[in-house]
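Nothing in this text is a laboratory measurement; each read-out follows from the coordinates by a stated rule. Not measured: the values here are computed from a predicted model. With ideal geometry, Cβ positions are generated from the backbone for all residues, glycine too; neighbour counts draw on all protein chains shown.
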Amino acid sequence: MRLIFLGPPGAGKGTQAAILANLWQIPHISTGDILRQAIAGKTSLGIQAKAHVDAGELVPNILIMAMIRERFGQRDTEKGWILDGFPRNISQADALDQLLQIMRQPYGFAVNFTVPTDILVERMLGRGRQDDNEAIIRRRLEVYHEQTAPLIEFYQRRQCLKTIDANLPVEQVTNMLQESLRQPVEV
Ligand code: AMP
């Protein structure tokens, strides 16, 4: 299984990616998690990324692509993977297409998680992460609408998009997701 999880911050992509990755024993690749670890460890990547993450802005593509290339260089990705929080803009999606072509690892589906905005803000405030104060949350949502939401159409055009109502209890979302992945794509 090779999946791309799309959707606004707070939609529950990370929760679902962790559940399914564990079930299928494939890596859950979260660029946000990798960045938070790098920041905590004060690595060169972390130092360069910190100001962007703290401001709710995207980290420059060049840093993200270096991170992704390194992650895909690890053997465990041969079994499949779930990408969570990447790609975040069209240029990353193009770069991912190229990388996967070189690796002969086409993705199966992109899954779009939908949740109403007021619920997203509520969920993120409840999480208490450092980049989860209200002003930064609003900025991250703006960045999502400006830069990431166009990916919905990008993957729809490639006829590999699934849409999931993620405003439901975790278990129900997991079940719907599994069911939806068994069905052909709605064109
Ligand atoms: P997330 O945990 O996916 O919400 O990511 C937290 C923060 O990490 C984002 O607000 C961005 O600053 C940064 N980030 C994560 N993934 C990416 C990406 N693919 N491209 C650029 N920045 C990213």
*Calculated from DSSP H runs of 4 or more alone, at -39500 (n - 2.57) each and per residue, what is the 222 nm mean residue ellipticity of the chain, nearest 500?*
-16500 deg cm²/dmol
*Remind me, relative contact order of region 97-187 in percent, using alpha carbon pairs under 8 angstrom and six or more residues apart?*
37
*asked:* If the only charges are +1 at each Lys and Arg Cβ and -1 at each Asp and Glu Cβ, what is the size of the charge dipole of the chain around the Cα centre, to the nearest 20 debye?
replied: 500
*Could you tell me which of rounded, prolate or oblate describes region 14-131, using a ≥ b ≥ c as the square roots of the eigenvalues of the alpha-carbon gyration tensor, with rounded for a/c under 1.5 and, failing that, prolate when a/b is larger than b/c and oblate otherwise?*
oblate
*What ranking of D84, D132 emerges when the number of other C-beta atoms within 10 Å of each C-beta is taken as an exposure proxy, fewest first?*
D132, D84
_12 Å beta-carbon shell around E78, net charge (K/R +1, D/E -1)_ = +3
*Go through F113, M103, G128 and say which Cα lies farthest out towards the positive end of the charge dipole of region 102-145; charges sit on Cβ, +1 for Lys and Arg, -1 for Asp and Glu.*
M103
*Which whole-number percent gives the relative contact order of region 32-187, counting Cα pairs below 8 Å spaced six or more residues apart?*
25
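What net charge is computed for the residues neighbouring A18, neighbours being all others with C-beta under 11 Å from the C-beta of A18, Lys and Arg scored +1, Asp and Glu -1?
It works out to a net charge of -1.
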*Euclidean distance of C-alpha centroids, region 135-187 and region 23-62, integer Å*: 21
_Please list, by residue number, everything in region 89-109 whose backbone N is under 20 Å from a paramagnetic label point 7 Å out along Cα→Cβ of R75._
103-105
*What spacing in nm lies between the two simple spin-label points modelled at D94 and Q48, each 7 Å away from Cα in the Cβ direction?*
2.0
